[in-house]
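Okay, so here's the structure we're looking at.
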Amino acid sequence: MTILFEASKSGTKPAQKNKPMPPQDLHPQHNAWSRSEAEALFSMPFIDLILRAQNVHREHHAPNRVQLSQLISIKTGGCAEDCGYCNQSAHFDTGLKASKLMDVESVISAAKSAKAGGASRFCMGAAWREPKERDMDALCAMVTDVKSMGLETCMTLGMLTPSQAERLSHAGLDYYNHNIDTAPEDYGRVISTRTFEDRLATLNRVRESGMKVCCGGIVGMGEQAEDRIGLLMALANMDPAPESVPINALVPIAGTPLGDSDPVHPIEFARLIAAARIMMPESYVRLSAGREEMSDEAQALCFMAGANSIFTGDQLLTTDNPETSEDAALFARLGLQGE
Ligand code: SAM
Ligand code: DTB
Ligand code: SF4
């Protein structure tokens, strides 16, 4: 902070003051990012990249507003998949206690608290490879009841059949979250019990059912720089791009294969958010898991880079999130309005 300050004081006169903004010369058609275009974006000087992301952000979104979403784990642990980052997989011993699907009333009561705490969006997550038919009635009832409270609804339940997607859509589900997590080329390193194509098949079913797509990824899993570019290309080149793009920083969990991964540098994390904003101008870019370990300054950079949603409440699904009072203080300091 001090260094930045001194540099600007001792800097040369503002020769570029009246110079027009840098041309938006790396702005291909939506959904058509080539690798060289995406690489060029990622290698821009950081300040130029953030400026460009902020310009794109302001063209498409209210600059100081951030959507508040709250998560609930409606079914925890014991999952048949082997996602290398996840403490809910039955393949790893992480000490997490598994539980059965919550009843509808308990979910509604949690949604009421979320709404009272300021959330406008409620995301229900289940540790499943896919939902069972016998659970569909309860899941649909949760959606309909939460939606009737005026909350935007999102669920993440694993793979869906076409008829399950249809049912959830008819029940009033606004978004379905189904992350691709990493670049297609990196997928097999992280998960072996399903393929990238399985993921795309469910995403297509979600689209066809009329729901909006929430699809993003995780960084900090030991991926290469090219994988972060590949992740964003795979997302941005979906046609249409997902309306909602959660960007998670890995919450490392002891006992999982990726539990020892090195964290991503906050500047690199903000770079990814900025690139996501530029490559998917209309989407919500959600600053998702990992905020508990992020400084206020790192989060502020992410908002400058175009993040316009966070998860609120002191729990994500099974791991900690910043206290509501800490977020309120950060928003007040930054003049951000949560909505
Ligand atoms: N079982 C469903 C599925 O995987 O699609 C839904 C629940 S799953 C927990 C939802 C998403 O949370 C994952 O796709 C992953 O991106 C994210 N996630 C899980 N564990 C995480 C961790 N330790 N750190 C960061 N993100 C994580
Ligand atoms: C997403 O991309 N991030 C959220 C939401 N979608 C479901 C989940 C983050 C989970 C972090 C680990 C946990 O709390 O269990
Ligand atoms: Fe299961 Fe989802 Fe965790 Fe993978 S991320 S192990 S599918 S709960």
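Residue separation of Ala329 and Glu268 scaled by 0.36 nm, minus their Cα-Cα distance, works out to 19.5 nm of gained length.
Quick check on my link table: of Lys97/Lys147; Lys100/Lys212; Lys115/Lys212; Lys100/Lys132, which ones sit more than 23 Å apart, alpha carbon to alpha carbon? In this structure, Lys97/Lys147; Lys100/Lys212 exceed 23 Å between Cα atoms.
Accessible area per residue for the chain in Å², computed with a 1.4 Å probe and the full protein assembly in place, what is it? Don't skip to the answer; put the middle values down first.
On the way: 15600 Å² over 339 residues.
I get 46 Å² per residue for this part.
First check a/c for the stretch 186-307, with a ≥ b ≥ c the square roots of the eigenvalues of its C-alpha gyration tensor; if it is under 1.5, answer rounded, and if not, answer prolate when a/b is larger than b/c or oblate otherwise.
Numbers: a/c = 1.90, a/b = 1.17, b/c = 1.63.
Note, shape of the stretch 186-307 comes out oblate.
Note the direction-averaged projected area, equal to a quarter of the hull surface, for the Cα convex hull of the stretch 45-133, in nm².
Numbers: hull surface 38.0 nm².
Mean projected area for the stretch 45-133: 9.5 nm², to one decimal.
Ordering Ala53, Ala38, Cys79 by Cα displacement along the dipole of the stretch 37-83 toward the positive end leaves Ala53 in first place; charges were set at the Cβ atoms of Lys, Arg (+1) and Asp, Glu (-1).
Given only helices, namely DSSP H runs of n ≥ 4 each adding -39500 (n - 2.57), what is the per-residue ellipticity at 222 nm of the chain, to the nearest 500 deg cm²/dmol? After summing the helix terms and dividing by residue count, I get -11500 deg cm²/dmol. Taking Cβ atoms as reference points and 13 Å as the exclusive limit, the residues near Trp128 contribute a net charge of +2, counting Lys and Arg as +1 and Asp and Glu as -1. Accessible area per residue (1.4 Å probe, heavy atoms of protein chains only) ranks Tyr85, Tyr187 as Tyr85, Tyr187, with the largest value leading.
Ranking Gly259, Gly338, Ser288 by how far each Cα lies toward the positive end of the dipole of the stretch 220-339 (charges on Cβ) leaves Gly338 at the top. Note: relative contact order over the chain, using C-alpha pairs below 8 Å and six or more positions apart, is 22 percent. Considering only Cα atoms, the convex hull volume of the chain works out to 136 Å³ per residue. Projected label points at His60 and Glu282, each 7 Å from Cα along the beta carbon direction, are separated by 0.9 nanometres.
Using a 1.4 Å probe on the protein chains only, how many percent of the accessible area of the chain belongs to carbon and sulfur? Provide the component values of the computation, followed by the final result.
Values: 8220 of 15600 Å².
Roughly 53 percent, rounded to a whole number.
Helix 162-171 and the long axis of the chain differ in direction by around 80°, with both axes built from C-alpha atoms. In a fully extended conformation the segment linking Met136 and Glu243 would gain 36.1 nm over its present Cα-Cα distance, using 0.36 nm per residue.
Axis of helix 266-279 versus longest Cα principal axis of the chain: the two differ by about 80°, to the nearest ten degrees. To the nearest ten degrees, helix 136-148 and the longest principal axis of the Cα atoms of the chain are 50 degrees apart. Among beta bridges from DSSP that stay inside the chain, the antiparallel ones total about 5%.
In debye, nearest 20: dipole of the stretch 176-218 around its Cα centre with unit charges on the Cβ of K, R (+) and D, E (-)? Present the calculation step by step, with values, prior to reporting the outcome.
Working: 6 positive and 6 negative charges, 37 e Å.
So the dipole magnitude of the stretch 176-218 works out to roughly 180 debye.
The stretch 218-269 and the stretch 49-80 have their alpha-carbon centroids 14 Å apart. How high is the FRET efficiency between His170 and Asp48 when r is their beta carbon distance and R₀ equals 51 Å, given to the nearest 0.05? Using R0 = 51 Å, I get an efficiency of 0.65.
The values are calculated or read from the model by the stated rules, or taken from the named source; none is laboratory data. The model shown is predicted, which means the values in this text are computed figures rather than measured ones. Glycine also receives a Cβ, built like all others from the backbone with ideal geometry; neighbour counts cover every protein chain displayed. Surface accessibility is based on the protein's heavy atoms, side chains included, excluding ligands, DNA and RNA. Shrake-Rupley method; radii C 1.70, N 1.55, O 1.52, S 1.80 Å.
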